[in-house]
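Here the structure comes first, spelled out in structure tokens, and everything after it is commentary.
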Amino acid sequence: MRSLARIFQVALAECAGALRSRRALVLLLLYIVSAACCMYGTISIFGRMEQELAQLLQLPDADKTGVVSTALWQSKPFQKMVRAMVSNDLVYADIQGRHPIELVYAWFVFFCAPLLVVLTTGNRVADDLKSGAVRYSIVRCTRAEWSLGKFAGLALMLVFALAASAVGAWCVAVCRLSNATSLLPAMFDWGARAWLYSLSWLGVALGISHFTRSGSRATALGIFAVVALCALPGVLWMNAKWFDCPWLQNFEILTPSSAKILLWRRSFAPLANAAFRLVALGMFFFALGVAVFRRRDA
Amino acid sequence: MTGAAISTSALVKRYGRRRALDGFTLAVPQGAVMGLVGPNGAGKTTWMMCVAGFLRPTDGTIDVLGRGPFNASVHSGRLSILPQDSALPLEANPRALLYRYGRLQGLSAEVSRASTAEVLAAMNLADRADSTIRSLSHGMRKRVMLAQCFIGSPEVVLLDEPLNGLDPAEQSRMRNFILARRGRQTIVVSSHNLNDVEILCTHVAFVENGRVVRMATVRDITSAAGRVVYTLAAAPADPSALVEALSSALPGTSFSWKGEAELACDFAASGADVAAVNAALLPVLIGKAGVVSVAAGQSLEQAYLKHDSV
């Protein structure tokens, strides 16, 4: 119980520090601006496509983008193309009824989450180790409690960052599309799923941050880890094929991307499965870092 | 004072081939103010960091308050440290930071708030309690660092160069603050200012090459020198005649002039104690030159420098 209270205090300190230093503001802006830009770019492309289609079919121009693309999304050839891209019938069935714009947002948050998490959180432990600020805390709480508090504080900030990105993306969608006002709950839904996915990358980023006293080195190592872990399934698949070792592909379970596909599903069971795997993976990488930190000089 | 608040035995800390601690054995009595004195790189800071659990010793044993080596789950709130070269979070303000440290070490919100106000006032920081650490001067930041050591009155406080960077008025205030805690808290002070150590500490340990080479009470070190220094009211007209008169008053003593009106008497060979020496010499001195002050023994600085030159 006392441990939980200490973890809570460290988490609170992390959030308060982020607010005071404007780190939280930068985090929010980064998520909002990147989501808004992605949405703006995508809708612009849709708009241009619609204009050209309208000209080709000699139809009157729509006031707002979305009318033609919604029709296009529902068309059989396009659905066939999407099915081929998804290459998973269950996921395809689950996303079929969804609005294309919410899927664009979902794709964006899943795609950008690892990099955004590493860029915004990768230096947090290393910086405190370098400045020596950690010493004022670890004389009052255990190193594991301090690390868990950091994790909890940053995880909490990611909730707000993803919620803000959903709102940012939704605002752009509402301004530029004719039928997007009802999309906000769906955006929050994808934001929540992205948060689960981000937790595993937060574990990776903070785990690595325990290994070094340099914030920039921790961030660089985090980016390297993101690239390596994202490339790993492909590498394993190729090696499994070339060397005829199908068991190699089992190691894919060590990558957060392996559970990501389940986050696209609608039903509870696969979502719970994904949540469990992602949190476990995040904690695994995080625990590696904490284990090293507990044995090293601070 | 019962037992040792901190006890380290044969402590070794190795960095590659270099041994920062090389068999550091020291027991700090409960309620004592222990001064660690030694040259740069002697191992004073390393020892403190090992005791506080920041550094992992290569070998040896540590016992803090009879509960084994430092473990935050056991010692949180019972030991605090002023670490060297450790920055406070720059965006925090002293009040919020100290309150949070209090909460972290298990104080209730109310107690933590009261303790924060108390230490902020003691460190003369009440008027800057809500400024950011970034906006404080070096000396003020040092005072915040000192304040965090005394939140919740921990039983053991380790202070590494506590008065460095403070202005004279704040140094005096801090000295009084530490003196007021004598006997109530066990305090270890590492300092190069031997005058401060002499004033603040009840015990002192000379540290060299990663080990303690001498540990005693400050009184033992400063009074065991077998020397009394007399400051005379005026320089005598005939110094050698005065010395001759003194030598005949107490045979077996030797005299040396430290200035025109300052005479040191070394009496170790005479077998007398300070009281007997004064009883024999003062009447002669008062009659012939007048005495302004009498100082028994030697300063800690003199004792340390004498020890260092051996």
Exercise. Which whole number gives the average, over all residues in B:85-93, of C-beta atoms from other chains lying within 10 Å of the residue C-beta?
Worked result: 6
Exercise. To the nearest Å, what is the center-to-center distance of the range B:1-69 and the range B:247-272, using C-alpha atoms only?
Worked result: 41 Å
For this session: Within the range B:1-89, report the trypsin sites (Lys or Arg not before Pro) that DSSP leaves as loop and that have at most 12 other Cβ atoms within 10 Å.
Result: B:17, B:67
For this session: Report, to the nearest 10°, how far helix A:100-121 tilts away from the longest principal axis of the Cα atoms in chain A, using its own Cα long axis and a range of 0 to 90°.
Result: 20 degrees
For this session: Pairs of Cα atoms under 8 Å, at least six residues apart: use those to get the relative contact order of chain A, whole percent.
Result: 26 percent
For this session: Between the chain alone and the structure with every protein chain in place, find the residues of the range A:276-298 that drop at least 10 Å² of accessible area; heavy atoms, 1.4 Å probe.
Result: A:294, A:295, A:297, A:298
Problem set entry | Two-site FRET efficiency, residue A:253 against residue A:181, from Cβ-Cβ distance with R₀ of 35 Å, rounded to 0.05 | 0.30
For this session: Check the straight Cα-Cα distances from residue A:80 and name the aspartates and glutamates below 16 Å, setting aside those fewer than 8 residues away within the same chain.
Result: A:89, A:94
Exercise. When we measure straight from the Cα of residue A:130, which lysines land under 16 angstrom away, once same-chain ones fewer than 8 places off are left out?
Worked result: A:150
For this session: Please determine, in degrees from 0 to 90 and to the nearest 10, the orientation of helix B:109-122 with respect to the longest principal axis defined by the Cα atoms of chain B, where the helix direction is its Cα long axis.
Result: 30 degrees
Problem set entry | Separation between Cα centres of the range A:91-130 and the range B:165-221, rounded to whole Å | 55 Å
Exercise. Roughly what would the spin-label model give for residue B:258 and residue A:242, points 7 Å off Cα along C-beta, in nm?
Worked result: 8.4 nm
Problem set entry | Listed residue (A:196, B:276, A:177) projecting farthest to the positive dipole end of the protein assembly as shown, Cβ model | A:177
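Could you give the size of the charge dipole of the range B:154-276 about its Cα centre, using +1 on the Cβ of each K and R and -1 on the Cβ of each D and E, expressed in debye and rounded to the nearest 20? Write out the running numbers ahead of the final one.
Values: 10 positive and 15 negative charges, 96 e Å.
Value, rounded to 20: 460 debye.
With the full set of protein chains in place, find how many percent of the accessible area of the range A:226-298 is carbon and sulfur; take the probe as 1.4 Å.
On the way: 2980 of 4160 Å².
The nonpolar share, carbon plus sulfur, comes to 72 percent.
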Exercise. From the phi of every residue in the range B:238-255, what ³J(HN,Hα) in whole Hz does the Karplus formula 6.51 cos²θ - 1.76 cosθ + 1.60 yield, where θ is phi - 60° and glycine or proline is x?
Worked result: 10, x, 5, 5, 5, 4, 4, 5, 5, 5, 6, 5, 9, x, x, 9, 10, 10
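So which of A:76/A:241; B:44/B:306; B:142/B:258 end up more than 29 Å apart, counting from Cα to Cα? All intermediate terms of the calculation are to be shown ahead of the outcome.
On the way: A:76/A:241 34 Å; B:44/B:306 20 Å; B:142/B:258 39 Å.
Long pairs (Cα-Cα over 29 Å): A:76/A:241; B:142/B:258.
Show me you know the interface measure: the accessible area buried between A and B, both chains summed, probe 1.4 Å, in Å² to the nearest 100.
On the way: alone 15650 and 14410 Å², together 27570 Å².
By this definition, chains A and B bury close to 2500 Å².
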For this session: Mind pulling the per residue volume of the convex hull built on the Cα atoms of the range B:32-98? Å³ is fine.
Result: 143 Å³
Exercise. What is the Cα centroid distance between the range A:191-269 and the range A:1-15, reported in whole angstrom?
Worked result: 28 Å
Exercise. What spacing in nm lies between the two simple spin-label points modelled at residue B:244 and residue B:14, each 7 Å away from Cα in the Cβ direction?
Worked result: 6.6 nm
Problem set entry | Relative contact order (%) - the range B:1-157, alpha-carbon pairs under 8 angstrom, separation at least six | 21 percent
For this session: Just need log10 I(q)/I(0) for the range B:173-310 at q = 0.10 Å⁻¹, Debye formula, equal scatterers on the alpha-carbon atoms, no solvent, rounded to two decimals.
Result: -0.43
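So if I place +1 on the C-beta of Lys and Arg and -1 on the C-beta of Asp and Glu, and nothing else carries charge, what would the dipole magnitude of the range B:25-163 be about its Cα centre? I want it in debye, nearest 20. Walk me through the numbers on the way to the answer.
On the way: 13 positive and 11 negative charges, 46 e Å.
So the magnitude is around 220 debye.
How well do other chains shield peptide A:126-139, expressed as the mean number of their Cβ atoms within 10 Å of each residue Cβ?
On the way: counts 0, 0, 2, 0, 1, 6, 7, 6, 2, 11, 15, 6, 7, 19.
For this peptide, the per-residue mean of nearby foreign Cβ atoms is 6.
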Exercise. Rounded to the nearest 0.05, what FRET efficiency is calculated for residue A:294 and residue A:228 with R0 set to 30 Å and r the Cβ-Cβ distance?
Worked result: 0.75
Exercise. Using Cα atoms only, what is the angle between the long axis of helix A:215-242 and the major principal axis of chain A, expressed in degrees (0 to 90) to the nearest 10?
Worked result: 60 degrees
Exercise. Hey, what's the range B:230-310 come to in accessible area per residue, 1.4 Å probe, Å²?
Worked result: 52 Å²
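Please compute the length gained on full extension between residue B:111 and residue B:164, using 0.36 nm multiplied by the number of residues separating them and subtracting their Cα-Cα distance.
Going from the current span to full extension adds 16.1 nm.
On average, how many beta carbons from a partner chain sit within 10 Å of the beta carbon of a residue in A:5-11? Can you show the working numbers first?
Values: counts 3, 7, 0, 2, 7, 2, 0.
Taking the mean over all residues of the peptide, I get 3.
How much length is gained on full extension from residue B:25 to residue B:126, taking 0.36 nm per residue of separation minus their Cα-Cα distance?
Numbers: separation 101, 0.36 × 101 = 36.36 nm, distance 4.01 nm.
The residue B:25-residue B:126 span can extend by a further 32.3 nm.
How much of the DSSP beta bridge set in the range B:67-223 is antiparallel, as a percent to the nearest 5? Don't jump to the answer; show the numbers that get you there.
Working: 6 of 17 bridges.
Among the beta bridges of the range B:67-223, antiparallel pairing accounts for roughly 35 percent.
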For this session: Considering only A:245, A:175, A:38, give the residue with the highest GNM mean-square fluctuation for chain A, with springs between Cα atoms whenever their separation is below 10 Å.
Result: A:245
Problem set entry | Relative contact order, percent, chain B [alpha-carbon distance under 8 Å, six or more residues apart] | 20 percent
Exercise. Taking springs between alpha-carbon atoms closer than 10 angstrom, which of A:249, A:55, A:79 fluctuates most in the Gaussian network model of chain A?
Worked result: A:55
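So if I place +1 on the C-beta of Lys and Arg and -1 on the C-beta of Asp and Glu, and nothing else carries charge, what would the dipole magnitude of the protein assembly as shown be about its Cα centre? I want it in debye, nearest 20. Let's see the in-between values first.
On the way: 59 positive and 41 negative charges, 323 e Å.
That gives the protein assembly as shown a dipole magnitude of about 1560 debye.
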Exercise. For labels at residue B:85 and residue A:174 in the simple 7 Å Cα→Cβ model, what's the distance in nm?
Worked result: 5.4 nm
Exercise. Projected onto the charge dipole of the range B:169-310 (+1 at Lys/Arg Cβ, -1 at Asp/Glu Cβ, origin at the Cα centre), which of B:234, B:192, B:289 gives the Cα projection farthest towards the positive end?
Worked result: B:192
Exercise. Taking every DSSP beta bridge that has both residues in the protein assembly as shown, what percent is antiparallel when rounded to the nearest 5?
Worked result: 65 percent
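The values are calculated or read from the model by the stated rules, or taken from the named source; none is laboratory data. Remember, it's a predicted structure, so these values are computed and weren't measured experimentally. So basically every Cβ, Gly included, is an ideal-geometry build from the backbone, and we count neighbours across all protein chains shown. Areas reflect the complete protein model, heavy atoms only, side chains present, ligands, DNA and RNA absent. Shrake-Rupley method; radii C 1.70, N 1.55, O 1.52, S 1.80 Å.
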